[in-house]
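Enquirer: Structure below; questions to follow.
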């Protein structure tokens, strides 16, 4: 769907979606369909940033439990510390299986933490942390959509790219450490498999492997770079 209407049309669309949501007939997918419909009018979206931010918050909170930013960040930092400790134990205490825990934990912690750091530096505020993914076990950080819309496309892209940096720093960092410290091949291969899976999910077209590439941070970053 593509819409080229003006401010009044967008205002009506926002109100219609709000009514549909309160009747239980609209989801976040419908919200982002609305955003895509006006994607060629970024200034128009910015002019309605407050209303769009309120609507996004209302729809999101209806389906997700959100934890305070401070508590979420503290939990992620603790996960990161424990993961690093596990990695050191894998090398120093000759417990190679722990390096797999270190890799997974570091990715889980760094990805949202770098989103949070980059977003804060770019002037984006956050509603809090939440559990994401198909099983709702993957921690994520939810942006305040009003402040997100008010940032430039380049700044929004940097926010998404920061998450990629966190993922691959955690994944390939421990892979290299495991390789250079000559850990058993079994565990190095597990680290490699996890790293490649993350790489594929971010960079390879989805239909080849069943991944939804349009949901990847890379896709979102490229989308934002094309905007004004």
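Derivation of every value follows stated rules applied to the coordinates shown; laboratory data play no part. Just so it is clear, the model here is predicted, and its values are computed rather than measured. Cβ placement follows ideal geometry from the backbone for every residue including glycine, while neighbour counts extend to all protein chains displayed.
Enquirer: Using per-residue counts of other Cβ atoms within 10 Å, averaged over each peptide, order 188-194, 173-179, 109-115, 29-35 from highest down.
Expert: 109-115, 173-179, 188-194, 29-35
Enquirer: What ranking do 16, 144, 217, 8 get, fewest neighbouring Cβ atoms within 10 angstrom at the top?
Expert: Ordered by Cβ neighbours within 10 Å, fewest first: 8, 16, 144, 217.
Enquirer: Mind jotting down the distance between the C-alpha centroids of the stretch 39-99 and the stretch 141-176, whole Å?
Expert: For the stretch 141-176 versus the stretch 39-99, the Cα centre distance is 10 Å.
Enquirer: Moving to a separate point now. Would you mind checking the tilt of helix 185-203 against the longest principal axis of the Cα atoms of the chain, expressed as 0 to 90 degrees and rounded to 10?
Expert: Helix 185-203 sits roughly 10 degrees off the main axis of the chain.
Enquirer: Averaging sequence separations of C-alpha pairs under 8 Å and six or more residues apart, then dividing by the length of the stretch 1-63, give the relative contact order as a whole percent.
Expert: 44
Enquirer: Related question: Provide 65, 151, 18 in ascending order of the number of other Cβ atoms located within 10 Å of each residue's Cβ, fewest first.
Expert: The most exposed by this proxy come first: 65, 18, 151.
Enquirer: FRET efficiency for residue 97 and residue 40, Cβ-Cβ distance as r, R0 = 35 Å, nearest 0.05?
Expert: Efficiency, from the Cβ-Cβ distance: 0.10.
Enquirer: Starting from 0 in steps of 10 Å, tell me what percent of the Cα-Cα pairs of the stretch 1-86 lands in each bin.
Expert: 15, 37, 21, 16, 9, 1
Enquirer: Taking 8 Å as the Cα distance limit and 6 or more residues as the minimum spacing, I'd like the relative contact order of the chain as a percentage.
Expert: Value for the chain: 19 percent.
Enquirer: Taking the structure as given and computing Rg and Dmax of the Cα atoms in Å, which label from (1) 21.3, 67; (2) 17.3, 54; (3) 19.9, 66 fits?
Expert: (3)
Enquirer: What is the calculated FRET efficiency for residue 62 to residue 85, with r their C-beta to C-beta distance and R₀ = 45 Å, to the nearest 0.05?
Expert: 0.70
Enquirer: Could you tell me how many degrees, from 0 to 90 and to the nearest 10, lie between the Cα long axis of helix 7-22 and the main elongation axis, the longest principal axis, of the Cα atoms of the chain?
Expert: 60
Enquirer: Mean residue ellipticity at 222 nm from the helices of the chain, using -39,500 (n - 2.57) per DSSP H segment of n ≥ 4 over the full residue count, to the nearest 500 deg cm²/dmol?
Expert: After summing the helix terms and dividing by residue count, I get -23000 deg cm²/dmol.
Enquirer: Test of understanding: ordering 19, 141 by Cβ neighbours within 10 Å, fewest first, what list do you get?
Expert: 19, 141
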